[in-house]
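Below you'll find the structure, written out as structure tokens, and then a few comments.
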Amino acid sequence: MTTASVDVDTARADYAALVDRGLSLDITRGKPSPKQLDLANALLALPGDGTFKAEDGTDVRNYGGLKGLPELRRIFAGALQVPAEHLLAAGNSSLELMHDAVVHALLSKVPGAERRWADEPRVAFLAPVPGYDRHFALTERFGIELIPVPMTGEGPDMDVVERLVAEDAGIKGIWCVPKYSNPTGVTFSDDVVKRLASMTTAAPDFRIFWDNAYAVHHLTDDEPALADVLALSAEAGHADRPFVFGSTSKITYAGGGVGFFGASEANLAWWTGLIGKRTIGSDKVNQLRHALFLKDEDGVRAHMRKHAEIIGPKFEAVDRILTEELSDLASWTKPTGGYFVSLTVPEGTAKEVVRLAKEAGVALTPAGATHPHGDDPADAVIRIAPTFPELADVEEAVRALAVCVRLAAAQQSL
Ligand code: PMP
């Protein structure tokens, strides 16, 4: 990317005009918009008066069922690439399951471990960057060291990953968003998945935290295939390596959906043994409601098309406006799915861009959030989340963002 010369006076005048407009816009978090949430409003009337039996006769009003309802697990087995019998439906979303997985691994030996992670002298995770701030915050909260690994257009840089995990037994895991990654939109290539599944790790209890949050969140008909991490790991003799996570948060209701956890037989036995101390069973009424609403895999697919119709134009607007305004100064991703665009501005200006935008009434995710400890060494990455605001607001916010990028670049070149 070039730091093309920017006329300082013009940039300042444009910015002053922007501030004068007194905007109040927010493109910080990847939340579904109210229109997207409306798509699932049939849920509000389900399962319906008198409907409380699951297909196996389970009374969903009562305690029990640590694995979740089979009919719902079947609906998501294909999308999450986990056989239904190895996929649990639990909780209201996936982040809590990732949190529990980390806590359980700290406190109770995962299959294959020599000791609990809490008893290890050091526990580290690989953090592909740019990545998801909540992953980083979760592991940081438990004192787990995060080692940044660069993302490429095909997933994490596997030369770096393989070298690090082979030599360092303290590295116990890697965060992965394998489909339409947050925030780059990258889908891991077959080669990357194969290498993750088969690489030699110094830690016998290494885990891939496979957060397939955007498994069905396509924006176009060009749906990239993702290699099957559980099958490939099993083939390579590492069946226990992946922990697969997913949820319906951005399919039905964010936070009012269902989470999923998929893994090997041994991992599931470990998990259910521990989770039984925490709950007598999850919310099966919500699971039944979801199964009745989504019906089957095709039902999910049809529903996701409606999401794409709503948010696709917002992503197109981001790309169009950035192309018009910033082609000479910045680069950005053009995701075909997921929830984010990753904008790379001239080095050393991202924080200033976010500050300028805030002053002008446009809230952006803090610069650095895409990196462990909020520290982007190049100070160059800004995550754009265009799903929540109305299209006109997305357009306005991105135009405003462009004004801020130009001013920050101009200031830097003074
Ligand atoms: N993983 C990723 C990669 C996400 O982007 C998000 C939401 N922004 C989540 C997990 C949160 O998912 P859930 O609602 O299922 O906890």
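Quick look at the numbers
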quantity	calculated
Residue in the range 356-375 that is in contact with an Asp or Glu (Cβ under 9 Å, 6 or more places away or on another chain) and of a type in the set (D, E, K, R) present	no
Some residue of the range 70-80 being buried (at least 21 other Cβ atoms within 10 Å of the Cβ), within 16 Å of the ligand (Cβ to nearest atom) and assigned to a loop (DSSP other than H, G, I, E, B)	no
Breaking point among (1) under 30 Å from Pro32 (Cα atoms); (2) away from the ligand (no atom under 16 Å from the Cβ), for Lys250	(2)
Filter pass, Gly57 being in the same structural domain as Leu88 (by TED's automatic domain parsing), farther than 23 Å from Ala408 by Cα and surrounded by 11 or more Cβ atoms within 10 Å (Cβ to Cβ)	no
Within the range 87-188, strands (runs of 3 or more DSSP E) holding 3 or more residues that are crowded, with 23+ Cβ neighbours inside 10 Å	87-90, 124-129, 171-176
From the options Arg29, Arg61, residue that is out of contact with any Pro (no Cβ under 7 Å at 6 or more places or on another chain), within 17 Å of Pro389 (Cα to Cα) and in a loop (DSSP other than H, G, I, E, B)	Arg29
Neighbours by Cβ (under 7 Å, 6+ apart or cross-chain): first from the range 79-102, on the phi > 0 side of the Ramachandran plot; second within 12 Å of the ligand (Cβ to nearest atom) and of a type in the set (A, V, I, L, M)	Gly91/Leu97
Checking Thr51 against (1) part of a loop (DSSP other than H, G, I, E, B); (2) within 26 Å of Thr333 (Cβ to Cβ), the condition it does not meet	(2)
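The values are calculated or read from the model by the stated rules, or taken from the named source; none is laboratory data. All values derive from a computational prediction rather than experimental measurement. As a convention, Cβ positions derive from the backbone with ideal geometry for all residues, glycine included, and neighbour counts pool all protein chains shown.
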